[in-house]
Each structure stands twice: as structure tokens, then as C-alpha cells.
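Here is the structure we will look at, set down as C-alpha cells.
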Amino acid sequence: MSEPDRATGRAPGRRSAFADPDASLIDQMGGIRGLVFSSIPILAFVPINALWGLTAAIWSALGVAVAMLAWSLVRRDNPQPAISGFIGVAICVFIAWRTGSAKGYFLYGIITQAVYGGVFMISALIRWPLVGVIWGFLDGRGLSWRTNQKARRWYAVATWVWAGLFAIRAVLQYVLYLNDEVNWLGAARIGMGWPLALAAFVVTVWAVHRAMTHEAPAEGEEAEDPPVDDPSVHDPDSPAAATTGDGGEEHADSSEPGGAIDER
């Protein structure tokens, strides 16, 4: 167990990259690989569709997704970003193929953004802000924060930020979708992806840290013992030393009337 874990009493293995102050924001959000895996298929799909048509664009996006997945497996890297990217690309190209339109490639992303925005918004309205629920799970604190109004308010701030981000993405991209702006859809998908998510993540980190300052210690954590050199611990004449451990009342002074000892 590391020193921070000993200090807080938390079990090892519960810290995520989000809780690690030494991890960069890019690492905390999935790393450069996550950025690459979400962007390259779009960079392949849009220009190839403009040059050679929908069928070629579909196969190019699928080919890129398969290549990235194979590369991750060969390097024995964490395959999760590549697997997620492949599944997302497969759904997008399937919709484009079924609709017979290149703009169909972006429909799945628009729907998911709208759903995410709605879920985050509802969670904030019913006072179960989703950022607090997720962070409580990652940090091992559970739902203890819900009893603290100030902590709940800060988690709600972060939740509303994400709700707004998803809503902006969904609305703007849907407008481009209705106007058949495939090229602009690709640009919006990339430009409104990581840049906006990074800004929202910065606000989330700030809000979560503010919320944690108002939270009670997590289960298993104890208040710190007084310092060894605290004079109140060793000085019998200090006010703290004049109290008992149970009732907290002062001991009777033998010099007061009624307290003297008969030495006869």
C-alpha cells in the first residue's frame, strides 16, 4: 500500500487516473490512443466519400478500425480503445449503408450525444448528479456525498457542464445532418470532440475537488491523531489534560473545600 493509501485508509487499486495528480489530462481521458482511435476513421471516411463515393468510404473506415485493433493486439496494449472504436465505426458504417447516405455515418453519434445529454440533465434535476455517482464509485466513497448539500451542489455543477456539452454537440450536428453537410459533420465531430471534452474535464476536476472538501471521511478513514509534540497531550496543567476520557468533566481539586484529605 502506498503512502497516500496508508494516510487515507483506502484499499489499494481504487485510484483511477482521474484521481492521480501525476497523470496528465490526456492520460486521464484515455490517452493519445483514444484520440487517434476516435479521429482516424472519420478522417478516412469523409475525403474518400467525396472522391470515390460511399462504398469506398465505408470500406476505408472499417479497414482503418480493423488495422488499429490489430495493431493494439500485436503490441499487447490495452485493446479497450481500439475495441470501442471498432464497434462504433461498425455501427456508423452500417447505418450509412442502410440509409444509402454518407451523412448516415454520423447519425449514431448524434443520437448517443442526445441520450447522454438527457441522462446527465435528468440526473442533475432529480438531485442524483451523475458525476457524483461515477466519482463515488471510482473513489470507493459510494453515495455518502448525497447527505452533504454543498458536495452535492458541486457535483451538480460538473454534471450540468457535461449535459450542456452533449446537448451542444447533438443540436449543432443534427442541424448539419439535416442540411446534408457531410464535410462539416466530419469537422464538427472532431472539433467538438476532444477540445470541448478537455474543457469540460478541467471544470469537472475543479468541481470534484471542491465537492470533496465538503465530504465526510470515507468509510474506514479515521481522524488524524494529535501530534506527538502537542503540549495538551503531555502537560497536566493544560485545559485538555484536565478532562477525563469518558465524561469530559474536570477532576475535583483536592485543595478546594471538601476535597482535602484527612491525614490524621
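Against the condition over 23 Å from Leu69 (Cβ atoms) and either crowded, with 16+ Cβ neighbours inside 10 Å or touching a helix residue (DSSP H, G or I) at 6+ places or on another chain (Cβ under 9 Å) (or both), how does Ser84 come out, does it pass?
In short, no.
Yes or no: Trp154 in a helix (DSSP H, G or I), crowded, with 17+ Cβ neighbours inside 10 Å and in contact with a His (Cβ under 9 Å, 6 or more places away or on another chain)?
Values: in a helix (DSSP H, G or I): yes; crowded, with 17+ Cβ neighbours inside 10 Å: yes; in contact with a His (Cβ under 9 Å, 6 or more places away or on another chain): yes.
Taking the combined requirement at face value, the residue satisfies it.
Residues in the stretch 199-216 that are over 13 Å from Trp135 (Cα atoms), modelled with pLDDT under 90 and surrounded by 13 or more Cβ atoms within 10 Å (Cβ to Cβ): His214 only.
Filtering the stretch 171-188 to residues that are touching a residue at least 60 places away in the same chain (Cβ under 8 Å) and farther than 20 Å from Gly53 by Cα leaves Gln173, Tyr174.
Could you check the stretch 107-129 and list, in sequence order, the residues that are among the polar types (S, T, N, Q), under 23 Å from Glu181 (Cα atoms) and in contact (Cβ under 8 Å) with a residue 24 or more places away in the chain? Can you show your working first?
Going residue by residue through the stretch 107-129, those that are among the polar types (S, T, N, Q) are 112-113, 123.
Adding the requirement that they be under 23 Å from Glu181 (Cα atoms) leaves 112-113.
Within the stretch 107-129, Gln113 is the sole residue that qualifies.
All of (1) within 30 Å of Val205 (Cα to Cα); (2) assigned to a helix (DSSP H, G or I); (3) free of Cβ contacts under 8 Å to residues at least 24 places away in the same chain hold for Gly104 with one exception: (1).
Ala96 meets the conditions (1) surrounded by fewer than 15 Cβ atoms within 10 Å (Cβ to Cβ); (2) aliphatic (A, V, I, L, M); (3) at pLDDT 95 or above; (4) closer than 25 Å to Leu196 by Cβ in every case but one. The failed one is (1).
The values are calculated or read from the model by the stated rules, or taken from the named source; none is laboratory data. Keep in mind the model is a prediction, meaning the values are calculated, not measured. Here the Cβ is made from the backbone with ideal geometry for all residues, glycine too, and neighbour counts use every protein chain on show.
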